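**Q** Below are the structure tokens for one structure; questions will follow.
The values are calculated or read from the model by the stated rules, or taken from the named source; none is laboratory data. Here the structure is a predicted model, which is why all the values come from computation and not from measurement. Here Cβ is always computed from backbone atoms with ideal geometry, including for glycine, and neighbour counts include all displayed protein chains.
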């Protein structure tokens, strides 16, 4: 079967075909004229020879398309060069490629989203033949974006191999877009990255002193924002330790022996208490009222539990960022220090050491949450590739902004707007 392929001067192919499993152009040639040398970038009209160049193109109606073009090999006219070169057809033929640029873009899109075997399966459904090794080579050949450095960044670590090797993800905290992945989670690596990317003013991080030290050395004037969730989680663990330390107070309220050991025993006792109330014909609301009475009785017997409950209730509103939370945090620290709660005193010492970052976390407008979300997505990518994604592949597996999203500067900050992205 013959297929006629006409290549316009701008490189756009026009194909006419009939039904067949594979469409192929048996013999077309490029237009005559001077071509530019790939080495010296000068025009040359001297032809050294001809040969056929076969490339794959985007499928048509679920069938693969192959273009076979006769191209010229010209001689560079520069004195002393003595180099021959093959002419290029923009949009159709590129140097050292067996796929047209538009087919290469589709292959890169599939490999970028799914990588490896999953990307190959998707491309096969689109009639694009690609092996998993080629898909990885295509992915690793995509240049990393080299855009502007954002004003607000977030850093978080994730495991490449749990308990053995970790990496650091860096994101734009305003657009929630991943910027880079660093090979470890040391302060020196983060410091080197920040020094190589000037312009960062705010860094959102977790409670790690390693990241804090690296940021402090590289950007002493930058605002550090701590993580609210880890602060709340640490407080919950300290509160549980306080309750365990006052276990003898539970014996005076519960008419059951106290067992030192796993938390399952306490859960079992609580289960028996609730179901005992239900067996007595009490409804859920009555059970809730009884449990509240039980807590009131416990706090009445143990004053420290009263102080603990008050401290927990006072700290909870700080998890919602408000401008007045800075003063409320100072008052909360003073209140806890005046109570006999040694486990919570350790929490206050940690808050004091990182006071500025904690205040920035409980007041608007910055949050560490988006960084945690991007870190989770990065770990999902590793799981998606069945754990075989090393640092190089994860760094290359870079999600891009949607094509209709671009950034503009607004009064020293940045904003995300909808519209044509710069550069297409």
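**Q** Determine if segment 176-198 includes at least one residue that is free of Cβ contacts under 8 Å to residues at least 40 places away in the same chain, surrounded by 19 or more Cβ atoms within 10 Å (Cβ to Cβ) and part of a strand (DSSP E or B).
**A** Within segment 176-198 (the criterion being free of Cβ contacts under 8 Å to residues at least 40 places away in the same chain, surrounded by 19 or more Cβ atoms within 10 Å (Cβ to Cβ) and part of a strand (DSSP E or B)), the answer is yes, since at least one residue qualifies.
**Q** Between a first residue in segment 217-241 that is surrounded by fewer than 18 Cβ atoms within 10 Å (Cβ to Cβ) and a second residue that is in a helix (DSSP H, G or I), which pairs have beta carbons less than 7 Å apart while being 6 or more apart in sequence or on different chains?
**A** Once the first residue is surrounded by fewer than 18 Cβ atoms within 10 Å (Cβ to Cβ) and sits in segment 217-241, its partners that are in a helix (DSSP H, G or I) give 217/191; 222/215; 223/360; 232/319; 234/347; 241/343.
**Q** Could you run through segment 334-347 and say how many residues are touching a helix residue (DSSP H, G or I) at 6+ places or on another chain (Cβ under 7 Å) and either surrounded by fewer than 18 Cβ atoms within 10 Å (Cβ to Cβ) or farther than 14 Å from residue 235 by Cα (or both)?
**A** Residues that pass the stated criteria total 7.
**Q** Quick check, is residue 327 more than 18 Å from residue 233 (Cα to Cα), modelled with pLDDT of 70 or more and assigned to a helix (DSSP H, G or I)?
**A** yes
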